[in-house]
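Heads up: the structure comes next, in structure tokens.
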Amino acid sequence: MRILNFGSINIDHVYTVSHFVRPGETLNSQSYQRFPGGKGLNQSIALSHAGAQVYHAGKLGADDDWLRDQLQEHGVDTSLVEMEDVPTGHAIIQVNPAGENSIVLFGGANRCISESYVERALQLFSPGDYLLAQNELSSVPAMLRMAKLKGLTVVFNPAPMTPEVQCYPLDLVDLFIVNEIEAQGLTGKSDPQSIGAFMRAKYPQAALVLTLGEKGGMYFGSDGTVHEAAEKVTVVDTTAAGDTFIGYFVAGLMRGQKPQGCLRLGCRAAALCVTRKGAADSIPGKDELDATQPHVSADTQ
């Protein structure tokens, strides 16, 4: 069983600041670092670290092949990654003393995904495989439609949440993974139970995973509702925490683990992630997860 992650690849420019810059304000940063990033790249690395066989499809600017090398170094198959004569996508990330982040995103090559490219990539996959898609790319509706026609299990993380998402063929999605902001954009509701009830009623074919930050995560599906609390850690940087959770949750699901075990793995991996700076560089490995808390292992059922 394999997973195709149609995902964004970005360069993250990270600035440590005393507070998020206000309108009209010029603010000195305390530090600057450059990291490989993008929700897609982060999620592919997290999937690979969690033990999944992951293929990444996406686009890069012509001068940034080092990002493809980064994916390969983490065990991701990059044979489907292509280059475009446009800048690579990038993000300007402010991180405050509480570890919270504020992000400005430029799509770049990520917006060069065509339907013909989607079709070419999906030719390599068959029923029983998985598709993971986010909303930082172009042609997302085509990904959902074509993957479903081929019999793949469709996982959708509608991030960033935009009004256009409501027009996507969401009835084809098998699993939604959303944070509270994305969930409110989909449902107009803020209470977790109300969000779960709304999504189960509107999309009965799909399960829902709702990430709740320091409150952990919840799963809503035909097999019931479960909650997993977050571990208490000292937060340094929340960048890529959600992507880390997604990678570990989906990898567990692909192995046939129960939702509670998948939530536990995702929350544990995200907790380790936020104790470090950076995006892709902060994603823990499966061995590290087991070593820091042996009873929470990749084989949890």
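The values are calculated or read from the model by the stated rules, or taken from the named source; none is laboratory data. Computed from a predicted model, the values in this text were never measured in an experiment. Every residue, glycine as well, gets a Cβ built from its backbone with ideal geometry; the counts of neighbours run over all protein chains shown.
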Strands (runs of 3 or more DSSP E) wholly inside segment 81-121 that include at least 1 residues being farther than 19 Å from G278 by Cα and out of contact with any helix residue (DSSP H, G or I) (no Cβ under 6 Å at 6 or more places or on another chain) | 82-84
With the first residue restricted to segment 219-235 and required to be closer than 13 Å to K258 by Cβ, and the second required to be assigned to a loop (DSSP other than H, G, I, E, B), Cβ contacts under 8 Å at 6 or more apart or on different chains are E228/G216
Among the residues of segment 99-119, the number that are over 22 Å from P36 (Cα atoms) and in contact (Cβ under 8 Å) with a residue 24 or more places away in the chain is 5
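Picking from V154, V165, which residue would you name as being β-branched (V, I, T) and in a helix (DSSP H, G or I)? Reasoning before the result, please.
Details: V154 fails: in a helix (DSSP H, G or I).
The unique qualifying residue is V165.
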Please indicate, with yes or no, whether at least one residue in segment 191-209 is touching a His at 6+ places or on another chain (Cβ under 9 Å) and not in a strand (DSSP E or B).
-> yes
Residue count, segment 213-224, condition on the phi < 0 side of the Ramachandran plot and either modelled with pLDDT under 95 or surrounded by fewer than 17 Cβ atoms within 10 Å (Cβ to Cβ) (or both), comes to 5
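If I go through segment 141-155 residue by residue, how many of them are buried (at least 19 other Cβ atoms within 10 Å of the Cβ) and touching a helix residue (DSSP H, G or I) at 6+ places or on another chain (Cβ under 7 Å)? Write out each step before concluding.
The first filter runs over segment 141-155 and keeps only residues buried (at least 19 other Cβ atoms within 10 Å of the Cβ), leaving 142-144, 146-147, 152-155.
Subset that is touching a helix residue (DSSP H, G or I) at 6+ places or on another chain (Cβ under 7 Å): 142-144, 146-147, 154-155.
Qualifying residue count, segment 141-155: 7.
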Assess whether G247 counts as being part of a helix (DSSP H, G or I), touching a residue at least 60 places away in the same chain (Cβ under 8 Å) and under 17 Å from the mean Cα position of the chain (by Cα).
-> yes
Where residues in segment 225-267 are touching a Ser or Thr at 6+ places or on another chain (Cβ under 7 Å) and among the small types (G, A, S), which of them is surrounded by the most Cβ atoms within 10 Å (Cβ to Cβ)?
-> A240
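Taking the conditions exactly as written (at pLDDT below 95 and farther than 20 Å from L131 by Cα), does A241 satisfy them or not?
Working: at pLDDT below 95: yes; farther than 20 Å from L131 by Cα: yes.
When the stated conditions are applied, A241 passes them.
Listed here are the residues, each with its yes/no results for (1) within 18 Å of the chain's Cα centre (by Cα); (2) at pLDDT 95 or above; (3) in a strand (DSSP E or B); (4) loosely packed, with under 14 Cβ neighbours inside 10 Å.
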position	(1), (2), (3), (4)
N5	yes, yes, yes, no
D12	yes, no, yes, no
L27	no, yes, no, yes
L41	yes, yes, no, no
